Number of protein chains: 2
Amino acid sequence: MTQAQLRPLSHEEIVAVAIEQAAQAGLDGLSIGSLAKSVGLSKSGLFGHFGSKQGLQTEVLNACHSRFIERVVQPAVAHKRPLARLRALLENWLDWAGQSDGGCLFVATATEFDDRPGPVRDQVRAASSNWVATLERAVSLAVEHGDLAPETSPRQFAFELHGLMLSYHCRKRLIESDQAASMAKAAFTRLLKSYGA
Amino acid sequence: MTQAQLRPLSHEEIVAVAIEQAAQAGLDGLSIGSLAKSVGLSKSGLFGHFGSKQGLQTEVLNACHSRFIERVVQPAVAHKRPLARLRALLENWLDWAGQSDGGCLFVATATEFDDRPGPVRDQVRAASSNWVATLERAVSLAVEHGDLAPETSPRQFAFELHGLMLSYHCRKRLIESDQAASMAKAAFTRLLKSYGA
């Protein structure tokens, strides 16, 4: 953070550093104190930015969600053909989860906060539900377009697609299998076929 | 913990309380201090039991793994018929992850520790790898027995089966869908069918 010695970091830059820390240490492992050190500000200076640890967590999730929409969802929904859109949702997600430092913050926070009622859990839950709804809409479109069998349940398809993403996350980041991506893509091809594509 | 006022808790009982705390707060959120309060011992008394926070984390994972083997794996591998064994592995896991307070500690610690090299990560990784290997063996048996198509890849099947378990965990515990179990079972039936069962 020599940059901090040259000019003050902007609010957005501080949030970006916080996202990196949360990816490593968990959203709850993120502290105003350790973030203050990293960005060369005083703890009271950082409280001025975020108000509280929960304010910091909320901003990190919001900023990370915007990134997710920008990198994963928007380039995929730009595809007009439903199967191309569905495939892009998968592939963008694999890139997102495989390449970002610390994996997908939403996968990590899902298990970190699932048993801790409160606004942070509500936010994590909303992000996961939105993602599932995005997958379901893409499947519905493919069914309407005749790319998948008419009896396909978008809910069930999205459940299975979400599962292969989560399996990839575990294989890639914890078990460190170099075949994680090829297994995820093979599973997707099998999934499409089983639904009549 | 009125029990603690009557007689000292055994080491096993203290570990059981620690498992509950880890399930709620994460393995890293578990502290010797908060555990000491819960069991009515001094911090130094607890250091005597575990040596360090890492010693405590290691014991919690070991004890939880023993429970997992006892509740999920052993009753399933008691089934002689390969498909019954595979189905029992799924159903026991759904019970394990859906009913225990805090869900599956291994799912939670997988994302909590995947980016933190060290002995705890090694232990979490070994537990996940063992579980995947258990699933792969059960699939191999079903293939040898002629219950699944001979070209079935046990690795690929286990990847997909693991995925539907993880999808269930997210739906059940975070999104709180009351259809999580039925979607997981439907996905399993579809999986078997797609592999020729």
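All of the numbers you see were taken from the coordinates with simple rules; none came from a lab. Note that this is a predicted model, so its numbers are computed, not measured. Positions of Cβ are backbone-derived with ideal geometry, glycine not excepted, and every protein chain shown enters the neighbour counts.
What to note about this one:
- Estimated from helices alone, the mean residue ellipticity of the protein assembly as shown at 222 nm is -22500 deg cm²/dmol (sum of -39500 (n - 2.57) over DSSP H runs with n ≥ 4, per residue).
- Cross-link partners of A:Lys53 among aspartates and glutamates, defined as those whose alpha carbon lies under 17 angstrom from its own and excluding same-chain residues fewer than eight positions apart: A:Glu12, A:Glu20, A:Asp28, A:Glu112, A:Asp122.
- Ranked by how many other Cβ atoms sit within 10 Å of their own Cβ, fewest first, the residues A:Ser129, A:Ser66, A:Ser140 fall in the order A:Ser66, A:Ser129, A:Ser140.
- Translational diffusion of the stretch A:3-194, estimated by Stokes-Einstein from the Kirkwood radius over alpha carbon pairs at 10 °C in a medium of 1.306 mPa s, is 88 µm² per second.
- Other residues within the sphere of radius under 15 Å centred on the Cβ of B:Leu148, judged by their own Cβ, net out at +3 (K and R +1, D and E -1).
- The label-point distance for A:Lys185 and A:Val77, in a model that sets each label 7 Å from Cα toward Cβ, rounds to 2.6 nm.
- Positive-end ranking of A:Leu148, A:Gly103, A:Pro117 along the dipole of the stretch A:3-194, with charges on Cβ about the Cα centre, is headed by A:Leu148.
- Ascending list, in nanometres, of distances separating the B:Glu151 label from those of the other copies (7 Å, Cα toward Cβ): 2.4
- In Hz, Karplus ³J(HN,Hα) per residue of the stretch A:17-31 (6.51, -1.76, 1.60; θ = phi - 60°; x = Gly, Pro): 5, 5, 4, 4, 5, 5, 5, 7, 9, x, 5, 7, x, 6, 10
- Model label sites at B:Gln24 and A:Gln54, defined 7 Å from Cα along the beta-carbon direction, differ in position by 1.7 nm.
- Inter-probe distance in nm under a simple model that places probes 7 Å from Cα toward Cβ, at A:Glu176 and A:Ser38: 2.2 nm
- Shortest-first distances to equivalent copies, position B:Ser42, nm, label 7 Å out along Cβ: 3.9
- Distances in nm from A:Asp95 to the matching label points in the other copies, shortest first (labels 7 Å along Cα to Cβ): 4.5
- Derived scalar couplings between HN and Hα for the stretch A:152-161 equal 4, 8, x, 4, 5, 4, 5, 4, 6, 5 Hz in order, rounded to whole Hz, by the Karplus curve 6.51 cos²θ - 1.76 cosθ + 1.60 (θ = phi - 60°), x for Gly and Pro.
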